[in-house]
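Taking it in order: structure first as structure tokens, then the write-up.
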Amino acid sequence: MKRLTVIPEQCSGCKMCELVCAIKHFGVNNAKKAAIRVMITYPHPVVRMPIVCSQCKVPMCAQVCPVDALRRVDGVMQLDKENCTSCYQCVEACPFGAIYVHEDCDLPIICDMCGGDPECVKKCPKGALRLIPEAALGESRRLNNVLSYTQMKQIEFYEKGERKIIHYAETGKEEL
Amino acid sequence: MSIKSGYFKKHLHVDLTNGSAECRELPDTFIEKYIGGRGFGAKLVWDSLKEHDFKIDPLSPENLLVVAPGPLTGVYLPSSGKNSFAAISPATGLYGDSSMGGGFGVELRQTGIDVLSITGRAPELSLLFIDNGETTILPMPELRGKSCLEAEGIVKEKLGTHAVHVATIGVAGENMVKFACVNADWSRNAGRTGIGAVMGSKNLKAIAVRGHNDLPVYDVSGLVAESDKAYKYMEKHKFFRMWQQQGLMNVIDYANATGILPAYNFKDSVFARNDEVNGATMLDYYKIGDSACFSCSMCCGNICLVKNGRYTGTVIEGPEYETCAMLGPNLGIGDFAAILAASRLCDELGIDTISTGNIVGAVIEGYEKGVLSLSDLDGREITWGDEDAIMELIRKIGHRQGIGDILADGSRRIIEKWPEMDKLILQVKGLEQSAYDSRAGISMGLAYATSDIGAHHTRAWTIAKEMEEGQNWSDEEKVDIVIYHQKVRPLFDMLGVCRLPWIELGLSEWHYEKFYKYVTGKEASLEQLLELSNDVYDLTRLISTRLGISRKDDSLPYKVWANPPLTGPNAGKVINRDDFQRLLSLYYKKRGWDEDGIPPAGIEQKFED
């Protein structure tokens with residue numbers, strides 16, 4: 001089972017994830033119709049954080065749904081468009097605010113993982129959105145957390161007699 | 001084939017004097033001819049000039065402020081987050097525009113309008129709030145004296161939402177400093193030509209926008225396919241990663257190595273402490289995050305934090321090359337933390353870092369050379385690299401205290417007050433020069449001299465090309481590249497997109513022909529688009545000449561003729577006046593203007609409708 005995860009340290013706030021999500025699901029250039037949104041705070045603290053459905057194992061959204069329109073299908077929360085009454089209780093209940101409302105759309109907008117191959121992950125130019133195995137969740141945060149306690153910024157090593165340096169800042173960029 | 005999509009065809013006109021807002025239809029001919037952004041700006045400013053018989057004081061209520069994104073702003077293509085601000089510039093008295101990145105322009109378009117124009121003067125310091133087509137003017141006297149960043153926070157609190165984009169001016173804008181800028185999304189600036197002062201003169205402290213309309217696009221799938229190709233091309237470029245990491249800060253090393261970096265008020269063109277202010281230093285000790293404009297994969301914005309020393313805790317989005325060069329090497333500052341602090345100070349006051357760097361540099365040199373006395377400086381000495389004195393001077397400019405009151409009126413007023421300063425300050429038509437030394441390449445000199453807004457590199461930036469391959473260029477080649485740049489670069493401002501993917505990563509300009517087609521549904525070749533861009537250039541020239549500009553004004557700063565850089569690869573180089581005049585004549589000829597730089601008589605008819 002793979003999860004969509006966010007590495008906020010990598011996010012530049014370009015909002016391409018929003019745009020491609022809206023284009024994929026609604027066919028329009030309107031970032032406000034996306035199931036993901038980048039929150040930006042500045043200058044204290046400086047955070048760029050895409051907010052998207054976490055596929056919680058205990059989904060608060062489904063718990064409050066009065067008509068049982070939110071159900072897990074193949075591991076992904078799916079909205080039953082026929083039965084949804086657009087009461088938006090799920091929007092209020094989500095602890096992350098990861099369900100969205102747009103005045104042109106009657107139904108709440110919720111991430112459907114694009115059937116397992118999320119567009120936002122494919123198009124993120126910074127690798128801030130990733131699809132990773134559940135067991136790998138938290139890896140990047142662990143690394144970043146440890147690094148923030150060290151003074152080391154780089155490691156030095158020799159390859160075929162040649163001195164090389166890798167900056168830790170660059171290590172997150174390889175494909176996981 | 002006519003335009004089928006890409007526009008809301010709406011023009012929102014706000015009169016602050018009587019608090020009215022009127023939504024006008026944009027005719028097809030207008031959008032086809034002027035495209036958007038700077039094109040709309042130039043046309044609307046031209047119309048208002050005609051209405052007022054070519055007598056508009058830049059700081060009067062009559063000066064029309066135009067805020068215009070383009071048809072490509074906010075749609076899925078590389079770096080589509082640009083937006084132009086245009087008006088009669090307080091710095092030059094001529095047409096002026098400045099573009100801003102970030103997300104303000106996108107949000108403005110999503111409110112359902114293509115262009116916003118503002119005239120009049122509000123009775124009280126006010127906020128203009130455009131909420132998805134509904135316009136309100138809120139008096140907010142509590143914003144007086146607040147910095148750009150504070151004001152943005154207060155506005156969001158007042159409106160009760162964080163989901164708005166706010167453009168603000170700082171104290172400098174309120175005080176009508178002639179190089180005040182407009183700040184949006186916390187630290188994105190429309191820096192040049194003093195648009196912030198125009199807002200200040202209108203008692204308009206902030207513009208907040210919120211919209212959620214779909215942006216009109218004719219062929220979404222065509223656009224996505226083309227854009228994916230463009231993004232892929234950029235991602236594969238060998239410098240793409242470097243751009244993501246350093247942004248424009250990588251230019252510091254390049255400029256220092258090639259000898260075009262301004263140092264000590266352009267006395268020199270290399271800087272001994274380059275290693276302490278370059279991109280690598282920023283990456284190693286200061287950078288804490290990336291920032292990007294809407295839909296841009298290059299993310300050239302840096303977010304820096306000073307972690308130790310006297311400026312600890314200073315957070316700044318930036319700096320980019322111009323800011324770092326003008327506030328660092330140009331003032332003799334080799335401490336990156338001090339540059340960040342100065343840059344943050346400029347952001348808070350809301351003044352342009354390029355003009356500020358030029359003016360402060362000229363003051364330091366003026367004092368060194370005895371042109372300015374200690375009493376002129378209010379009894380406070382100032383020398384190269386003296387951070388405290390420099391910060392104090394910047395603060396004085398923003399608040400118009402002491403000598404700052406004169407400096408705040410820009411280089412023209414400085415030269416009027418101290419005529420000897422003409423030899424020290426680098427400006428063309430009243431706008432201070434960008435951070436690329438034109439003595440290294442005469443085509444760059446021609447670009448500064450003929451730029452419609454003054455000595456800025458936004459219209460043509462030919463210096464790298466000339467240094468790389470132009471050693472044996474003929475006059476004709478030099479003029480041609482300047483004219484070509486002056487067609488292409490403004491076209492990006494008209495379309496409402498950024499030119500960095502083109503100029504820095506070599507994304508072909510032919511892509512934009514297709515982007516335009518997919519968004520508007522109108523087939524137009526690149527040549528046709530460039531022709532439209534060229535027409536707008538003629539129009540801004542027409543505005544300039546009607547306001548009294550002619551060949552004598554298309555000149556260069558004194559230093560460029562007389563004082564060569566002291567060291568570095570371009571040591572001893574100046575621009576020869578005769579060479580320059582020869583190029584200028586050829587330039588006029590190629591543009592179809594007369595020997596005095598005046599466009600032909602009948603050309604006005606072109607801009608009637």
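The values are calculated or read from the model by the stated rules, or taken from the named source; none is laboratory data. Being a predicted model, the structure only gives us computed values, none of them experimental. Here Cβ is always computed from backbone atoms with ideal geometry, including for glycine, and neighbour counts include all displayed protein chains. When the accessible area is computed, the model is the full protein with side chains, heavy atoms only, and any ligands, DNA or RNA have been set aside. Shrake-Rupley method; radii C 1.70, N 1.55, O 1.52, S 1.80 Å.
The figures follow:
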{"read-out": "Global geometry of the protein assembly as shown, whether rounded, prolate or oblate, following the gyration tensor of its Cα atoms and the 1.5 cut on a/c", "value": "prolate"}
{"read-out": "Straight-distance crosslink candidates among lysines, where the alpha carbon sits under 16 Å from residue B:478 and sequence neighbours closer than 8 are dropped", "value": "B:465, B:487, B:589, B:590"}
{"read-out": "Computed E for residue B:528/residue A:104 - FRET, C-beta separation, R0 35 angstrom, nearest 0.05", "value": "0.50"}
{"read-out": "Chain B: C-alpha gyration tensor shape, a/c 1.5 cut-off, then a/b vs b/c", "value": "rounded"}
{"read-out": "Label-point gap, in nm, between residue B:510 and residue A:68 - each point 7 angstrom along Cα→Cβ", "value": "6.0 nm"}
{"read-out": "Residue pairs, from the table B:4/B:158; A:24/B:236; A:123/B:307, whose Cα atoms sit over 30 Å apart", "value": "B:4/B:158; A:123/B:307"}
{"read-out": "Helical contribution to [θ] at 222 nm, DSSP H n ≥ 4, -39,500 (n - 2.57), averaged over the protein assembly as shown, rounded to 500", "value": "-10500 deg cm²/dmol"}
{"read-out": "Only Lys, Arg (+1) and Asp, Glu (-1) charged, at Cβ; region B:316-368 dipole about Cα centre in debye", "value": "80 debye"}
{"read-out": "Region B:4-133: C-alpha pair distances exceeding 20 Å, %", "value": "43 percent"}
{"read-out": "Relative packing of peptides B:346-358, A:132-144, A:54-66 - highest average C-beta neighbours within 10 Å first", "value": "B:346-358, A:54-66, A:132-144"}
{"read-out": "Contact order relative to length of chain B, as percent, for alpha carbon pairs under 8 angstrom and 6 or more apart", "value": "17 percent"}
{"read-out": "Neighbour net charge for residue B:144 - beta-carbon separation under 10 angstrom, K R +1, D E -1", "value": "-1"}
{"read-out": "Where the protein assembly as shown is the region considered: accessible area per residue in Å², 1.4 Å probe", "value": "37 Å²"}
{"read-out": "Leading residue at positive end of dipole, the protein assembly as shown (Cβ point charges), from B:398, B:544, A:120", "value": "A:120"}
{"read-out": "Straight-distance crosslink candidates among aspartates and glutamates, where the alpha carbon sits under 16 Å from residue B:10 and sequence neighbours closer than 8 are dropped", "value": "B:22, B:25, B:28, B:32, B:107, B:114, B:131, B:134, B:214"}
{"read-out": "Debye, to nearest 20: dipole size of region B:236-368, +1 on Lys, Arg Cβ, -1 on Asp, Glu Cβ", "value": "420 debye"}
{"read-out": "Reachable aspartates and glutamates, given that their alpha-carbon falls under 17 Å from the alpha-carbon of residue B:559 and they are not under 8 places away in the same chain", "value": "B:268, B:365, B:368, B:420, B:422, B:432, B:437, B:578, B:579"}
{"read-out": "Length added when fully stretched, residue B:578-residue B:605, from 0.36 nm per residue minus Cα-Cα", "value": "6.2 nm"}
{"read-out": "Sequence-distant residues sharing a close amide H with residue B:184 (under 5 Å, placed H)", "value": "B:168, B:189, B:190"}
{"read-out": "For residue B:51, net neighbour charge (Lys/Arg +1, Asp/Glu -1) across residues whose Cβ lies under 14 Å away", "value": "-1"}
{"read-out": "From phi via Karplus (6.51, -1.76, 1.60), per-residue ³J(HN,Hα) for region B:180-193 in Hz, x at Gly/Pro", "value": "6, 10, 9, 10, 9, 6, 6, 9, 9, 10, 8, x, 8, 6"}
{"read-out": "From phi via Karplus (6.51, -1.76, 1.60), per-residue ³J(HN,Hα) for region B:305-311 in Hz, x at Gly/Pro", "value": "9, 8, 9, 8, x, 6, 9"}
{"read-out": "Pair residue B:232, residue B:469: separation of 7 Å Cα→Cβ label points (nm)", "value": "2.6 nm"}
{"read-out": "Lys, Arg +1 and Asp, Glu -1 on Cβ, resulting dipole of the protein assembly as shown about Cα centre, debye, nearest 20", "value": "960 debye"}
{"read-out": "Placed amide H near residue B:289: partners under 5 Å, 5+ positions off or other chain", "value": "B:303"}
{"read-out": "Angle in degrees between helix A:139-149 and the longest Cα principal axis of chain A, rounded to the nearest 10", "value": "50 degrees"}
{"read-out": "Chain lengthening between residue B:29 and residue B:308 when straightened (0.36 nm per residue, less Cα-Cα)", "value": "94.7 nm"}
{"read-out": "Peptides ranked, highest mean first, by Cβ atoms within 10 Å: ranges B:438-448, B:574-584", "value": "B:438-448, B:574-584"}
{"read-out": "Label-point gap, in nm, between residue A:142 and residue B:20 - each point 7 angstrom along Cα→Cβ", "value": "6.8 nm"}
{"read-out": "Karplus 3J(HN,Hα) series, Hz, for region B:225-241 with 6.51 cos²θ - 1.76 cosθ + 1.60 (x for Gly, Pro)", "value": "4, 5, 5, 4, 4, 5, 4, 5, 4, 4, 4, 7, 5, 5, 9, 4, 4"}
{"read-out": "Placed amide H near residue A:128: partners under 5 Å, 5+ positions off or other chain", "value": "none"}
{"read-out": "Cα shape, region B:28-103, gyration tensor, a/c 1.5 rule", "value": "oblate"}
